[in-house]
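Structure first, then comments.
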Amino acid sequence: MKFFEARDITKKFGGLAAVSDLSFTVEQGEIFGVIGPNGSGKTTVFNLISRFFPLTEGEIYFKGQQIDNLPAHKICALGIGRTFQVVKPLRRMSVIDNIMAGAFLRTSSVKKARQKAEEVCEFCNMRQYENYEAKSLPIPLRKRLEIARALAAEPELLMLDETCAGLNPKESEKAIELIQKIRDNGVTIIIVEHIMKVMMGISDRILAINFGKEIAMGTPQEVASHPEVIKAYLGEDYA
């Protein structure tokens, strides 16, 4: 049984295919990277997995169960969490209350939700900010809060959408450390990121897509040296 599998998934918006006949599997315990130029369909793939958008064609399986026909909250309850490219915390609520919002997926007890939120806050090195209003946080901490809120729902598979976007090198290093720590804690990760240095450093395997289709799949080194990937990022003269 495959841990996660997408089979020939397609998403059309009118006559435009944002994702077209895309298939891939993710093994339990790995960090699986998805790369591609702007508009290549990366975030659409996340939206299809979490059923923010319904599939036009294809099937998606998680631990042997078909999930593409389930509503988003049930997919989350099965153990698939995600962050969003544009972070949107509950701005007027505290950091700890934001994280508690994720914990309520697993419990209706305020006491247990707070206990879980405090554990996640500690895990993500945010205890000193737990009483801050979310709107007061700078972008790096908002991104970390987004991850913390997703972790509070206890996912087995976590999808990270451009966690390092807009961060300086030092902030990116801290984000990478957290991502690796999450994987070491038993959570499988699918990550979308534009920064190739990040993807090359943390991914076990990488899927490269362009115009919603696979152009390469393999180890970071294999994908980075693939002519179609070079062409998609740098142009035909460099391929």
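At-a-glance table
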item: Single residue of 102, 58 found to be part of a strand (DSSP E or B) and surrounded by 18 or more Cβ atoms within 10 Å (Cβ to Cβ); result: 58
item: Sole exception among (1) farther than 19 Å from residue 171 by Cα; (2) touching a Lys or Arg at 6+ places or on another chain (Cβ under 7 Å) for residue 119, by number; result: (2)
item: Failed criterion for residue 24 (all others in (1) in a loop (DSSP other than H, G, I, E, B); (2) within 21 Å of residue 204 (Cα to Cα); (3) under 16 Å from the mean Cα position of the chain (by Cα) hold); result: (1)
item: Where a residue in the range 47-64 is closer than 23 Å to residue 84 by Cβ and its partner, wherever it lies, is surrounded by fewer than 16 Cβ atoms within 10 Å (Cβ to Cβ) and charged (D, E, K, R), with Cβ under 6 Å and at least six apart; result: 56/12; 58/8
item: Residue among 85, 128 that alone is surrounded by fewer than 16 Cβ atoms within 10 Å (Cβ to Cβ) and outside any loop (DSSP other than H, G, I, E, B); result: 128
item: Residue that is surrounded by fewer than 15 Cβ atoms within 10 Å (Cβ to Cβ) and over 22 Å from residue 160 (Cβ atoms), where the choices are 108, 94; result: 108
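Coordinate-derived values only; no laboratory data. As the structure is a computational prediction, the values presented were derived from the model and not from experiment. Here the Cβ is made from the backbone with ideal geometry for all residues, glycine too, and neighbour counts use every protein chain on show.
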